[in-house]
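Colleague: The structure's right below; bear with me while I get my questions together.
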Amino acid sequence: MDVAVKADAKGKPAPRPVPVIKQVGVIGAGQMGSGIAHVIALGKYDVLLTDIRKEAYDKAISVIEKNLSRQVAKGVVKEGDMKDALARIKFAPNLDALGDSDMVIEAATEDESVKRKIFQELCPKLKPSALVATNTSSLSITRLASTTDRPEHFIGMHFMNPVPLMELVELIRGIATEDEVFGVAREFVESLGKTTAVSEDFPAFIVNRILLPMINEAVYTLYEGVGTVEGIDKAMRLGAHHPMGPLELADFIGLDTCLAVMQVLYEGLSDSKYRPCPLLVKYVEAGWLGRKTNRGFYDYRGEKPVPTR
């Protein structure tokens, strides 16, 4: 679907046109994708949400409606705006349906091979001007961009979880990202009521470069028997005024995601201080990934979470 890039008088390739953002595609209807669709629809943009499973989309719409209702109850969102936002979100059955999008944001699992495959399938279906963004929390933007036909129109746009509540979005440009594309992406994010923090393209960027080693160290503290699950979380909640203990937070993020980010840091920076804790690896191997599987450092299957260690 793409067209050959024309050259200017000096023989340089003419830059692709940068679109006005009106319609946004979101790939992945999980926790992050549904949250991103939520805030974009509230920002008065049309949203096409796609997932390999229609059930994931149906669940996402249910979660979005529930979260919007909470915002209405708190007086943060008007009821009319909630109805309008829900009406703006449509199901895209496949990547072909995203062809007319002005921007597509990928929010699939934190696995580079999965993301690369998505971009390779997606880009031929997009119009030449479309921007492509990834919600990766740790992977190289430059490397992901190189798998596309438009590295100049590619950017990292890392929303924080839970997206409707968290104010920050990290913006990360790859080596080829054009200034105008960066400017359009920044304006778009700020139009959603979010604040941007600009990071260089280094493993895990700013937030996770600082946050995940802290979580990993909390797991080491548990692994070495320095404290219990409850003791570690209580210490950081009451001793450092963290709203959530690091092990509770790890369960919320997903232990598989925590491990993936630590592996990116360890491999990308070759520093032993980023070595994932063996206990974190063991929990992931057991399939105890946190809240999404009902077991992690806490067991969520009863009325109250109970430490598993």
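Colleague: Of LEU238, LEU259, LEU279, LEU212, which residue is among the hydrophobic types (A, V, I, L, M, F, W, C), surrounded by fewer than 22 Cβ atoms within 10 Å (Cβ to Cβ), out of contact with any Lys or Arg (no Cβ under 9 Å at 6 or more places or on another chain) and not assigned by TED's automatic domain parsing to the domain that holds ILE172? Please lay out each step first, then the result.
Modeller: Details: LEU259 fails: surrounded by fewer than 22 Cβ atoms within 10 Å (Cβ to Cβ); LEU279 fails: out of contact with any Lys or Arg (no Cβ under 9 Å at 6 or more places or on another chain); LEU212 fails: surrounded by fewer than 22 Cβ atoms within 10 Å (Cβ to Cβ).
So the residue among LEU238, LEU259, LEU279, LEU212 that is among the hydrophobic types (A, V, I, L, M, F, W, C), surrounded by fewer than 22 Cβ atoms within 10 Å (Cβ to Cβ), out of contact with any Lys or Arg (no Cβ under 9 Å at 6 or more places or on another chain) and not assigned by TED's automatic domain parsing to the domain that holds ILE172 is LEU238.
Colleague: For TYR266, are the conditions met, namely being under 18 Å from LEU139 (Cβ atoms) and either touching a Phe, Trp or Tyr at 6+ places or on another chain (Cβ under 7 Å) or not assigned by TED's automatic domain parsing to the domain that holds ALA60 (or both)? Step through it out loud before you land on a result.
Modeller: Values: under 18 Å from LEU139 (Cβ atoms): yes; either touching a Phe, Trp or Tyr at 6+ places or on another chain (Cβ under 7 Å) or not assigned by TED's automatic domain parsing to the domain that holds ALA60 (or both): yes.
Yes.
Colleague: Conditions first: (1) of a type outside the set (S, T, N, Q); (2) under 24 Å from GLY245 (Cα atoms); (3) buried (at least 16 other Cβ atoms within 10 Å of the Cβ). MET157 passes all but one, so which condition is the exception?
Modeller: Against the list (1) of a type outside the set (S, T, N, Q); (2) under 24 Å from GLY245 (Cα atoms); (3) buried (at least 16 other Cβ atoms within 10 Å of the Cβ), MET157 comes up short only on (2).
Colleague: Go through segment 250-304 and report how many residues are part of a loop (DSSP other than H, G, I, E, B) and either of a type in the set (Asp, Glu) or on the phi > 0 side of the Ramachandran plot (or both).
Modeller: To start, the set of residues in segment 250-304 that are part of a loop (DSSP other than H, G, I, E, B) comprises 254, 270-271, 275-277, 286-289, 294, 296-297, 300-304.
Applying the additional criterion that residues be either of a type in the set (Asp, Glu) or on the phi > 0 side of the Ramachandran plot (or both) yields 254, 270-271, 287, 294, 303.
Number of matching residues: 6.
Colleague: In addition: Any residue that is assigned to a helix (DSSP H, G or I), of a type outside the set (Val, Ile, Thr) and touching a Phe, Trp or Tyr at 6+ places or on another chain (Cβ under 9 Å) - is there at least one of those in segment 191-204?
Modeller: Taking segment 191-204 and keeping what is assigned to a helix (DSSP H, G or I), we get 191.
Keeping just the survivors that are of a type outside the set (Val, Ile, Thr) gives 191.
Next, from what is left, pick out any that are touching a Phe, Trp or Tyr at 6+ places or on another chain (Cβ under 9 Å): 191.
Yes, there is a match, as at least one residue in segment 191-204 is assigned to a helix (DSSP H, G or I), of a type outside the set (Val, Ile, Thr) and touching a Phe, Trp or Tyr at 6+ places or on another chain (Cβ under 9 Å).
Colleague: How about segment 268-309: which of its residues are farther than 22 Å from GLU224 by Cβ and in contact (Cβ under 8 Å) with a residue 60 or more places away in the chain?
Modeller: Passing the criteria: GLY268, LEU269, LYS292.
Colleague: If you take just the strands (runs of 3 or more DSSP E) that sit entirely in segment 126-190, which of them hold at least 1 residues that are under 19 Å from the mean Cα position of the chain (by Cα), among the charged types (D, E, K, R) and outside the structural domain of LEU42 (by TED's automatic domain parsing)?
Modeller: On the way: elements: 131-134, 154-159, 168-173.
Of the strands (runs of 3 or more DSSP E) lying wholly inside segment 126-190, none has at least 1 residues that are under 19 Å from the mean Cα position of the chain (by Cα), among the charged types (D, E, K, R) and outside the structural domain of LEU42 (by TED's automatic domain parsing).
Colleague: Which condition number in (1) under 19 Å from ALA176 (Cβ atoms); (2) in contact with a strand residue (DSSP E or B) (Cβ under 6 Å, 6 or more places away or on another chain) is the one that SER140 fails?
Modeller: Going through (1) under 19 Å from ALA176 (Cβ atoms); (2) in contact with a strand residue (DSSP E or B) (Cβ under 6 Å, 6 or more places away or on another chain) one by one, SER140 breaks only (2).
The values are calculated or read from the model by the stated rules, or taken from the named source; none is laboratory data. Bear in mind that the values here come from a model prediction, so they are computed numbers and not experimental data. For neighbour counting, all protein chains shown are included, and Cβ atoms are generated from backbone atoms with ideal geometry for every residue, glycine included.
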